[in-house]
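Note sheet for the following structure.
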Ligand SMILES: [Zn+2]
């Protein structure tokens, strides 16, 4: 199959579009024909290499992917070939105390697929192998590209706002970089919970995008005094 692979760390010139062996699935895995895959900063960090970051080489990046299931392992009961799915990229043991109570990010075996897995193994390829537990039916209303764009940023923002900050209806939530991947999810999560996102971005064009996502309070950090605007918006209460 074709894939985007790097065999050493460096700039974009280390990326090679080449033929590699198709992944072989185990009894609890599924094989997906990738229709769309997302890019995250993780992919750039992995390619550049960071001190303390262990990346298996050769490496295929890509933690967000959506596609059609083309093969299922012998133990997989609830997914079949032809299913349209997106990947939930958090891999964990699924049996420890943390996994059992929904805090899989604390699992000692927790890894982000396509970032900390390998060699090869990510979504920037024609085919991708993931545990059956890690695929979710693609919502009918989403196209392939949309479905492949949201998992990692949605999970991260959700964990931050819902799991940790426990946002409530009426809360003012300052979203710095609101037009980016995490920020755009944060704005939408705030709206779902009835909280009031204050979107901060560096251009009017980006803020217009935030407005279409449901942000009513917009601050252009290049043109406006953020602190003063926040005081104004919250009637001097400040953000929650
Ligand atoms: Zn675990």
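Measure nothing but the geometry: give the 0 to 90° angle between the long axis through the Cα atoms of 181-192 and the longest principal axis through the Cα atoms of the chain, rounded to 10°. It is inclined by approximately 60 degrees.
For the chain, averaging the sequence separation of C-alpha pairs within contact (under 8 Å, six or more residues apart) and dividing by the residue count gives a relative contact order of 17 percent. Rounded, prolate or oblate: which fits region 2-149, taking a ≥ b ≥ c as square roots of the Cα gyration tensor eigenvalues, rounded meaning a/c under 1.5, else prolate when a/b beats b/c? Taking the square roots of the gyration eigenvalues as a ≥ b ≥ c, region 2-149 is oblate. By the beta-carbon count within 10 Å of each Cβ, the least crowded to most crowded order of 63, 203, fewest first, is 203, 63. Could you calculate the FRET efficiency of residue 101 with residue 176 from 1/(1 + (r/R0)^6), where r is the beta carbon distance between them and R0 is 45 Å, rounded to 0.05? Taking R0 as 45 Å, the efficiency between residue 101 and residue 176 is 0.90. Taking every DSSP bridge with both residues inside the chain, close to 70 percent are antiparallel. Ranking of 7, 84 by neighbouring Cβ atoms within 10 Å, starting from the fewest: 7, 84. Between residue 142 and residue 18, residue separation times 0.36 nm minus the direct Cα-Cα distance comes to 41.7 nm.
Each of 227, 15 has some number of other Cβ atoms within 10 Å of its Cβ, and from fewest to most they run 227, 15. Taking 0.36 nm per residue of separation and subtracting the current Cα-Cα distance, fully stretching the chain between residue 7 and residue 202 would add 66.6 nm. Peptides 16-24, 130-138 ranked from most to least packed give 130-138, 16-24, packing being the mean of other C-beta atoms within 10 angstrom over each peptide's residues.
Packing, taken as the mean count of other beta carbons within 10 Å per residue, orders the peptides 115-127, 37-49 from highest to lowest as 115-127, 37-49. Between region 215-240 and region 114-192, what's the alpha-carbon centroid distance in Å? First find each Cα centre; the distance between them is then 26 Å. Across all Cα atoms of region 194-238, the radius of gyration (one decimal) and Dmax (whole number) stand at 10.3, 28 Å.
Computed from the coordinates by the stated procedures, all read-outs in this text should not be read as laboratory data. Since the model is a prediction, treat every value here as computed from it, not as a measurement. With ideal geometry, Cβ positions are generated from the backbone for all residues, glycine too; neighbour counts draw on all protein chains shown.
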